[in-house]
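Q: Pasting a structure here, questions to come.
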Amino acid sequence: MENLFRLVDYEDMVSKRCIWVNGPVIVGAGPSGLATAACLKQQGVPFMVLERAECIASLWQKRTYNRLKLHLPKQFCQLPNLPFPKDFPEYPTKNQFIDYLESYAAHFEINPRFNECVQCARYDETSGLWRLKTVATTTCGSVKNEFEYICRWLVVATGENAECVMPEIEGLGEFKGDVIHACHYKSGESFMGKKVLVVGCGNSGMELSLDLCNHNASPSMVVRSSVHVLPREVLGKSTFELAVLMLQWLPLWLVDKIMLVLAWLVLGNVERLGLKRPSEGPLLLKNKKGKTPVLDIGTLEKIRSGDIKVVPGIKRFTNGCVEFVNGEKQSVDAVVLATGYRSNVPTWLQEGEFFSNNGFPKSPFPNGWKGNAGLYAVGFTRRGLSGASSDAMRIAQDIGQVWKQETRQKKHRTTACHRRCISQF
């Protein structure tokens, strides 16, 4: 029995160490964190990347559906200093993008500390340094090690989509069918022959409805609010690329009007399908509220044919039925919540000047990348991968300038230097 207690004590052992990082700590090993690390590498600045999952880009590897492709052409999605392979298609698949990110990390010798979750981070005004407390777990999860990292610069790269949003809907907890968030959806194959309610009409909701339809399910898509739907391409040219080109010469309001005219010419009147357009243009709405327009890849055709039903907001669930706000009822076998994601920054970063309560920087783009006391944010621009790359380059240049002035170290010395602090806790 004594040996058994010793074994339990060993398995539950908690090791606490304090580590000085001679350079910035980057929290998050997604595309934003990798881009920042690569740019710092180019500046000759050592760094440490902390990642709570056991892999890079865990959102892409673990929480995306199989048929996913980049919604924008690859030239708008590549990270700094390393383009996509030339043989990749214009819209790379999920697996191709993951391969690109793995190659990117290997190319720049980025080696995150995996399975290490930041519990809290705060700025110590007495020392002028950041202190991050983490819990690192082994692969089996039985041994937990607690660390405190001390650094001068902190780069928040956990992104806009760190946690899934689970809506509160009356009766959903008692619903007898399958209920999953879109982050757990992989393919419509397991829903074949079922009546599936997709809650949400963003890019994910639209594409999951299409995927369900292609796998012989009967999807109904909840459209609670207005939404902009644009064609992914116009005359073989990316809609996004056209907008970027026009913005170089025309005001945003005019580009919005042109985009809506093109959308009407290509897609027709989508309001007849139950998809009401917002009063503000797609680009203005994206800039003001971060609401991304839907790029149609075939869903509208299925809505027109009746293979995908558009239904109004949900009032409640009862047994195997859903009741909508207009009083109609419909039986459903399963529910997929395409209700989006949110930032988790407020749960671990103890700071109230730079970040707002919603986990985004208070200053809008392009000024939301730098705070005070060595605090930075990357990947919160609501402008996708191109916005994250822009942030990453600015951050690396800013830190690199100070680093070179203060340390006078050679550019090629790029390995993070750590030492054990005298005090352990």
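Q: Exactly one of (1) in contact with a Cys (Cβ under 8 Å, 6 or more places away or on another chain); (2) over 17 Å from Thr158 (Cβ atoms); (3) among the hydrophobic types (A, V, I, L, M, F, W, C) is unmet by Leu72. Its number?
A: (1)
Q: Looking at Pro293, Pro361, Pro312, Pro366, which is the one that is open to solvent by less than 70 Å² (accessible area, probe 1.4 Å), at pLDDT below 90 and not hydroxyl-bearing (Ser, Thr, Tyr)?
A: Sole residue among the options that is open to solvent by less than 70 Å² (accessible area, probe 1.4 Å), at pLDDT below 90 and not hydroxyl-bearing (Ser, Thr, Tyr): Pro366.
Q: State which residue is nearest to Phe84 (Cα to Cα) when the search covers only region 118-130 and only residues that are within 25 Å of the chain's Cα centre (by Cα) and open to solvent by 50 Å² or more (accessible area, probe 1.4 Å).
A: Result: Gln119.
Q: With the structure loaded, tell me whether Val270 is at pLDDT 95 or above and over 30 Å from Ser363 (Cα atoms) or whether it fails that test.
A: no
Q: Counting just the residues of region 143-161 that are open to solvent by less than 40 Å² (accessible area, probe 1.4 Å) and more than 22 Å from the chain's Cα centre (by Cα), which one comes out farthest from Leu385 (Cα to Cα)?
A: Going through the qualifying residues, I end up with Val143.
Quick grid of which residues meet (1) of a type outside the set (Phe, Trp, Tyr); (2) at pLDDT 95 or above; (3) open to solvent by less than 10 Å² (accessible area, probe 1.4 Å):
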site	(1), (2), (3)
Arg67	yes, no, no
His71	yes, no, no
Pro83	yes, yes, no
Phe88	no, yes, no
Pro92	yes, yes, yes
Asp99	yes, yes, no
Pro112	yes, yes, no
Thr139	yes, no, no
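Q: Do the conditions hold for Ile395, that is, is it touching a Ser or Thr at 6+ places or on another chain (Cβ under 6 Å), within 29 Å of Tyr65 (Cβ to Cβ), at pLDDT 95 or above and not charged (D, E, K, R)?
A: For Ile395, the condition - touching a Ser or Thr at 6+ places or on another chain (Cβ under 6 Å), within 29 Å of Tyr65 (Cβ to Cβ), at pLDDT 95 or above and not charged (D, E, K, R) - is not met.
Q: Would you mind telling me which numbered condition in (1) closer than 23 Å to Gln401 by Cα; (2) assigned to a helix (DSSP H, G or I) Val49 fails?
A: So the condition that Val49 fails would be (2).
Q: Now for a separate question. Any idea which residue in region 231-288 is most open to solvent (accessible area, probe 1.4 Å), counting only those that are out of contact with any Ser or Thr (no Cβ under 9 Å at 6 or more places or on another chain), outside any helix (DSSP H, G or I) and small (Gly, Ala, Ser)?
A: The residue in question is Gly236.
Q: Confirm whether Gly236 is without any contact (Cβ under 8 Å) to a residue 12 or more places away in the chain and small (Gly, Ala, Ser).
A: yes
Q: Give just the number: which of (1) farther than 22 Å from Cys213 by Cα; (2) modelled with pLDDT under 95; (3) open to solvent by less than 40 Å² (accessible area, probe 1.4 Å); (4) touching a strand residue (DSSP E or B) at 6+ places or on another chain (Cβ under 8 Å) does Arg342 not satisfy?
A: Going through (1) farther than 22 Å from Cys213 by Cα; (2) modelled with pLDDT under 95; (3) open to solvent by less than 40 Å² (accessible area, probe 1.4 Å); (4) touching a strand residue (DSSP E or B) at 6+ places or on another chain (Cβ under 8 Å) one by one, Arg342 breaks only (3).
Q: Residue check: is Leu4 assigned to a helix (DSSP H, G or I) and modelled with pLDDT under 95?
A: So Leu4 passes the test.
Q: Okay, next question. Give me a count of the residues in region 178-203 that are farther than 18 Å from Gly274 by Cα and open to solvent by 20 Å² or more (accessible area, probe 1.4 Å).
A: 12
Q: Shifting gears a bit: How many of the residues making up region 52-88 are touching a residue at least 24 places away in the same chain (Cβ under 8 Å) and part of a loop (DSSP other than H, G, I, E, B)?
A: Residues that pass the stated criteria total 22.
Q: Hey, another quick one. Taking the residues in region 345-358 that are in a loop (DSSP other than H, G, I, E, B) and in contact (Cβ under 8 Å) with a residue 12 or more places away in the chain as candidates, determine which candidate is most open to solvent (accessible area, probe 1.4 Å).
A: Looking at the filtered set, the residue picked out is Glu353.
The values are calculated or read from the model by the stated rules, or taken from the named source; none is laboratory data. All values derive from a computational prediction rather than experimental measurement. Cβ atoms come from the backbone with ideal geometry, glycine included; neighbour counts cover every protein chain shown. Areas reflect the complete protein model, heavy atoms only, side chains present, ligands, DNA and RNA absent. Shrake-Rupley method; radii C 1.70, N 1.55, O 1.52, S 1.80 Å.
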